[in-house]
Amino acid sequence: EKGTYPHYMLKEIDEQPAVMRKIVQAYQNGEDQLTIQPEILDAMKNADRIHIIAAGTSYHAGLIGKEYIEKMAQIPVEVHVASEFGYNMPLLSEKPLFIFISQSGETADSRQVLVKIKELGHPSLTITNVAGSTLSRESDYTLLLYAGPEIAVASTKAYTAQIAVLSILSAVTAQFKGLDIGFDLVQELGIVANAIQAQVDMKEEMEQIARDFLSTTRNCFFIGRVMDYFVGLEGALKLKEISYIQAEGFAGGELKHGTIALIEEGTPVIALATQEAVNLSIRGNVKEVAARGAHPCIISMEGLQEEGDSLVLPKVNELLSPLVSVIPMQLISYYAALHRDCDVDKPRNLAKSVTVE
Ligand code: M6R
């Protein structure tokens, strides 16, 4: 039930701090240690390469999962769009592990890949919000998201839940392999939950940004580097699917290789700046587009902010920053869609779970 909320999407955005805490709780044992079933840890440890298979928003979560698994657990990862994988299978290594990420657990494109890799005899793990869903039943192992039902077509809390579960899987695998990740994930996820809360409490500011940057535009670009690039892809998808504004996410350095030709007087460019190592270069990219007339909206993080930034997010661990920086993406898209009188929860041409190829 959406209760007093005008839309499920807004309710689901607001639920994210609670979902973060629920996930940490669900993955803790009696001694407050993060745990994952030993069979899954063995499968992770035995894999010489991991293939993440997903679609849409879940694919975007997979891009971040790759960073976590590679950086924390030190296993090489490839991320694949499910609908492509079945027709264009990469050369597989000897001991691959397949991780399916799917909110619904019913996406046909991913199911087809699961059938194929099972025929080849490879192990599979599904990360899903729906216990008993097809992907969960048909794969060897399952990790649940504990996000509660997601009703709005635009995925919000499932994305942050997927990222949180991927961080836990990576950290626990690292520990299982005797690797030190260098920080306390439970503590950092607690800080993240508070930072998300601070964002969802800033609805007026988010609505104002949507008004200032998106009320009349035909198109919009999202730029970022490293983790911020992946969040920009998700920001663009969110904005497209519910507000029908044409939006694209780019790596900050890539615009000048062609797309910068589309920048006109007033074109909104939403730039994320949460990563210290690339802060100067993303700021440089903003100057490049501003010099061509773009209307830049910079979303930065405490410690990296500069005068004129539209929003400064509370400081969190840089690897976990997508959990926080995606919140303004979701809320700005929500308000942009609302101002344009779009059907926020049920955008045209879309279904909640895509069960056809
Ligand atoms: O249920 P799934 O996670 O497998 O769904 C995948 C995509 O269809 C889904 O994420 C879609 O992109 C959303 N509408 C995005 O908001």
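From the backbone phi of region 72-80, what are the Karplus-calculated ³J(HN,Hα) couplings (6.51 cos²θ - 1.76 cosθ + 1.60, θ = phi - 60°) in whole Hz, Gly and Pro given as x?
My calculation for region 72-80 gives 8, 8, 6, 10, x, 10, 10, 10, 10 Hz in order.
Using Cα positions and a limit of under 19 Å, work out the aspartates and glutamates in reach of residue 256, with same-chain residues fewer than 8 apart set aside.
Hits, sequence-local ones excluded: 228, 248, 264, 265, 288.
Please list the non-local residues whose amide H lies under 5 Å from the amide H of residue 223, H modeled 1.01 Å from N, same-chain partners needing a gap of 5 or more.
Counting only residues 5 or more places away or on other chains, the set is 250, 270, 271, 272.
When the accessible area of the chain is split by element with a 1.4 Å probe, what percent falls to carbon and sulfur?
C and S atoms contribute 48 percent here.
For region 295-357, just say rounded, prolate or oblate: build the C-alpha gyration tensor, square-root its eigenvalues into a ≥ b ≥ c, call rounded for a/c under 1.5, and beyond that prolate if a/b exceeds b/c, oblate if not.
Verdict is oblate for region 295-357.
Taking residue 116 as the anchor, which lysines have their alpha carbon closer than 20 Å to its alpha carbon, excluding any fewer than eight residues away along the same chain?
Filter leaves 95.
What net charge do the residues around residue 113 carry, taking every other residue with its C-beta under 13 Å from that of residue 113, with Lys and Arg at +1 and Asp and Glu at -1?
With Lys, Arg at +1 and Asp, Glu at -1, the net is -3.
Report relative contact order for the chain in percent, whole number only (criteria: Cα-Cα under 8 Å, sequence separation at least 6).
Dividing the mean separation by the residue count of the chain yields 19 percent.
State in Å² the accessible area per residue of region 234-357; use a 1.4 Å probe, count heavy atoms of protein chains only, and round to the nearest integer.
The answer is 42 Å² per residue.
Among the aspartates and glutamates, which fall within straight-line cross-link reach of residue 203, defined as a Cα-Cα distance under 15 Å, with same-chain neighbours fewer than 8 residues apart omitted?
Leaving aside aspartates and glutamates fewer than 8 places away in the same chain, those within reach of residue 203 are 12, 14, 15, 212.
So if I take the centroid of the Cα atoms in region 1-77 and the same for region 298-354, what is the distance between those two points in Å?
Using only Cα atoms to place each centre, the spacing works out to 19 Å.
Is region 190-263 rounded, prolate or oblate when judged by the Cα gyration tensor, a ≥ b ≥ c being the square roots of its eigenvalues, rounded requiring a/c under 1.5 and prolate requiring a/b larger than b/c?
oblate
Relative contact order for region 231-357: what percent, with Cα pairs under 8 Å and sequence separation of 6 or more?
30
Accessible area per residue for region 1-158 in Å², computed with a 1.4 Å probe and the full protein assembly in place, what is it?
Result: 42 Å² per residue.
Amide H of residue 311 versus every other amide H placed in the peptide plane: which residues, excluding those fewer than 5 positions away on the same chain, fall under 5 Å?
Result for residue 311 returns 298, 300.
Among residues other than residue 206 whose Cβ falls under 14 Å from its Cβ, what is the net charge (Lys/Arg +1, Asp/Glu -1)?
-3
Taking only DSSP H segments of four or more residues, each worth -39500 (n - 2.57), what value at 222 nm results for the chain once the sum is divided by all its residues, to the nearest 500 deg cm²/dmol?
About -13500 deg cm²/dmol.
The values are calculated or read from the model by the stated rules, or taken from the named source; none is laboratory data. Please read these numbers as outputs of a predicted model, since none were measured by experiment. We place every Cβ from the backbone using ideal geometry, glycine too, and count neighbours over all the protein chains shown. All accessible areas refer to the heavy atoms of the entire protein, side chains included, with ligands and DNA or RNA removed. Shrake-Rupley method; radii C 1.70, N 1.55, O 1.52, S 1.80 Å.
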